[in-house]
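A.B. asks: Before we start, here is the structure in question, set down as structure tokens.
The values are calculated or read from the model by the stated rules, or taken from the named source; none is laboratory data. From a predicted model like this one, the values you see are computed outputs, not experimental measurements. Cβ placement follows ideal geometry from the backbone for every residue including glycine, while neighbour counts extend to all protein chains displayed. Just so you know, the surface numbers come from the protein's heavy atoms only, side chains and all, with ligands and any DNA or RNA stripped out. Shrake-Rupley method; radii C 1.70, N 1.55, O 1.52, S 1.80 Å.
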Amino acid sequence: MANLQFDLVSPERRLASVETTEVMIPGADGDMTVMAGHAPTITTLRPGIMRVTHDGTTEEYVVLGGFAEISATGVSVLAEQALHRDEMTQEVYEKLIADAKELYKKHEEEVENEPGPVDEAAKLIADMVAMGTHIGLDSEHSNFG
């Protein structure tokens, strides 16, 4: 099986730079799997789990927005925020959810008759709740308040 280069960076640090056989990306328009020979693509990311298979193991990373540039020989991900899955503790997750709820509340108060920013903030919360539930974290998401 052919390999491709995978690089994941956030504003704080480089999280990964490895040869991989497969990368699963939480794209804004749906999940996608990238392997060597993939058509050139650029996609935005939604909050989710990125899985990178290399050396017979799979590494997981939590990404919160950004974009991925895909070519036949590599995947470069520039994430707004990213953590290795092992770094995503309940405490870190609760802080991320609180920040997303604060953004929602801010948009709800500031934006009148323009649902776009409010809807986007609500989707951010929903995506983060789904991601947290998937990895076994408690979101306490019964309301946005």
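A.B. asks: Exactly one of these conditions fails for I70: (1) aliphatic (A, V, I, L, M); (2) farther than 22 Å from A126 by Cβ; (3) open to solvent by 20 Å² or more (accessible area, probe 1.4 Å). Give me its number.
C.D. replies: Looking at each condition in turn, I70 falls short on (3).
A.B. asks: Checking E80 against (1) closer than 30 Å to D119 by Cα; (2) open to solvent by 70 Å² or more (accessible area, probe 1.4 Å); (3) of a type outside the set (A, V, I, L, M); (4) without any contact (Cβ under 8 Å) to a residue 40 or more places away in the chain, only one condition comes out false. Which one?
C.D. replies: Here E80 clears every test but (4).
A.B. asks: Another question, then. Inspect the stretch 57-68 for any residue being of a type outside the set (F, W, Y) and in contact with a Ser or Thr (Cβ under 6 Å, 6 or more places away or on another chain) and give the result as yes or no. Full working, then the answer.
C.D. replies: Initially, the stretch 57-68 is screened for residues of a type outside the set (F, W, Y), giving 57-60, 62-66, 68.
Filter once more, so that each one left must be in contact with a Ser or Thr (Cβ under 6 Å, 6 or more places away or on another chain): 68.
Yes: one or more hits.
A.B. asks: Same structure, new question: Please determine, by comparing only the residues of the stretch 43-62 that are free of Cβ contacts under 8 Å to residues at least 40 places away in the same chain, part of a strand (DSSP E or B) and not charged (D, E, K, R), which one is surrounded by the fewest Cβ atoms within 10 Å (Cβ to Cβ).
C.D. replies: The residue in question is T57.
A.B. asks: Select from the stretch 16-42 the residues that are without any contact (Cβ under 8 Å) to a residue 24 or more places away in the chain and not in a loop (DSSP other than H, G, I, E, B) and write down the one among them that is surrounded by the most Cβ atoms within 10 Å (Cβ to Cβ). Give the steps one after another, and end with the answer.
C.D. replies: Filtering the stretch 16-42 for residues without any contact (Cβ under 8 Å) to a residue 24 or more places away in the chain gives 17, 28-33.
Okay, now just the ones that are also not in a loop (DSSP other than H, G, I, E, B), so 17, 30-33.
Details: S17: 11, G30: 9, D31: 13, M32: 15, T33: 11.
Per the stated criteria, the residue is M32.
A.B. asks: I would also like to ask the following. Considering only the stretch 83-104, state which residues are surrounded by 18 or more Cβ atoms within 10 Å (Cβ to Cβ) and touching a strand residue (DSSP E or B) at 6+ places or on another chain (Cβ under 8 Å).
C.D. replies: If we filter the stretch 83-104 for residues that are surrounded by 18 or more Cβ atoms within 10 Å (Cβ to Cβ), which is where we start, we get 83, 88, 93, 96-97, 100-101, 104.
Scanning the stretch 83-104 gives L83, M88.
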